[in-house]
1. Can you work out the FRET efficiency for the pair ILE89 and ARG67, with r the C-beta to C-beta distance and R0 = 25 Å, to the nearest 0.05?
2. Simple spin-label model, 7 Å along Cα-to-Cβ: VAL45 to LEU21 in nm?
3. So what are the ³J(HN,Hα) numbers for the range 7-24, from phi and the Karplus equation (6.51, -1.76, 1.60; θ = phi - 60°), rounded to whole Hz, Gly and Pro as x?
4. Please give the FRET efficiency for TYR125 paired with SER4, using the beta carbon to beta carbon distance and R0 = 30 Å, rounded to the nearest 0.05.
5. Could you pull out every one of the lysines with an alpha carbon less than 27 Å from that of LYS40, ignoring same-chain neighbours closer than 8 positions?
Amino acid sequence: MEKSEAKGYFTKVKNVTLAMLKDPSAQPVMLVLAFDSAIKGEPRVVHRLPITEIATVEPDGVRYMARLEQEEEVGLTRRLIVALIERTIFLETLEMGAEEPGAPLCPGENTPPLILWDARVIDGYGMCGAQDARMALTGSPRTVD
């Protein structure tokens, strides 16, 4: 996936990838977010976030929420949240022989639906979001069965 916008330390990270892991029944169970750190000499950062919620969103979409919470030494809870939205767009083509004006558009037999993905990533302490790092991603996540 490509980084389309960023705030905070996410502005300097590179080579962002997002993968969706599925269990043997093909049910999504985890999102894996990885990127090259903005800090020189730091290794690639990998976060494995369990999917905590799957919901239908209109029109024709599914939202996958994944969350990782870590207690910090100072008594605060750092949260990393990824919301991944998959939208299915059904392409319409003119059906053969329907050239008369006002004829309905129908899905073509060989026209596959278009799948669009976008993700929002938030990393911070959740105090009004003012200091949270944020990143928007577009493209398609890698799927691992």
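1. Working: r = 28 Å, r/R0 = 1.11.
It comes to 0.35.
2. Here the answer is 2.0 nm between the modelled labels.
3. 9, x, 5, 5, 5, 9, 6, 10, 6, 6, 10, 9, 10, 10, 9, 10, 7, x
4. Details: r = 24 Å, r/R0 = 0.81.
Efficiency at R0 = 30 Å is approximately 0.80.
5. LYS3, LYS7, LYS12, LYS14
Taken together, the values in this text are just the output of simple stated rules run on the coordinates, not laboratory data. Quick caveat: nothing in here was measured; it's all calculated off a predicted structure. Ideal geometry is used to build each Cβ from the backbone, glycine not excepted, and the neighbour counts take in all protein chains shown.
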